[in-house]
Amino acid sequence: MKKTVMFTFILLMSAGIVWAKDYEIQKKAGDLSVVVKMDKNPAVMGENGAIVTVKDPAGKEVTDAEVKMDYSMPAMPGMPAMNYSAALALNGNTYQGKLNYSMAGPWNIVVKIVRGGKTSSTKFSVDVQ
Ligand SMILES: [Cu+2]
């Protein structure tokens, strides 16, 4: 009995950790390394927090860039294409902001990093529940 309870507890714990994990994606934007963390996993309609970390080729955090996330859903029957942009604000060594998905389904996200007049970008997509 004791073993069963313990096993159930461990099972619930590990499942909880999986569910609670932020969505995290690592990409390259030119020679910059980009890590995007979203606080909702899966992404949901409405506000979703984003935290972006940018590192230079030496592995140093970049804090002198302008970072934004353009997010869009392609046109679908009865719905024109939707395009939004979220400017992220530097907070410590990361860039933070919020995306507001107006519809469930697939969204394309482009992270744009402007630094020294040069724009680097990387894309990924999410399936909003
Ligand atoms: Cu749509």
How high is the relative contact order of segment 86-126, in percent, counting Cα pairs under 8 Å that sit 6 or more residues apart?
-> 28
Counting Lys and Arg as +1 and Asp and Glu as -1 over every other residue whose Cβ sits under 15 Å from the Cβ of residue 114, the net charge comes to -1
In nm, give the distance between the simple-model label positions of residue 58 and residue 79, each being 7 Å from the Cα along the Cα-to-Cβ direction.
-> 4.5
Under a Cβ-Cβ cut-off of 14 Å, what is the net charge of the residues other than residue 93 that fall near it, where Lys and Arg count +1 and Asp and Glu count -1?
-> 0
Please count, across segment 43-123, the pairs of lysine residues with Cα atoms under 17 Å apart that sit 8 or more places apart or on different chains.
-> 11
Could you calculate, for segment 22-128, the ratio of the Cα radius of gyration to the Kirkwood radius, expressed as Rg to Rh?
-> 0.98
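Just so you know, all these numbers are worked out from the coordinates, no wet-lab data involved. The structure displayed is predicted, hence computed values, not measured ones. Cβ coordinates were reconstructed from backbone atoms using ideal geometry, including for glycine residues, and neighbour counts include every protein chain displayed.
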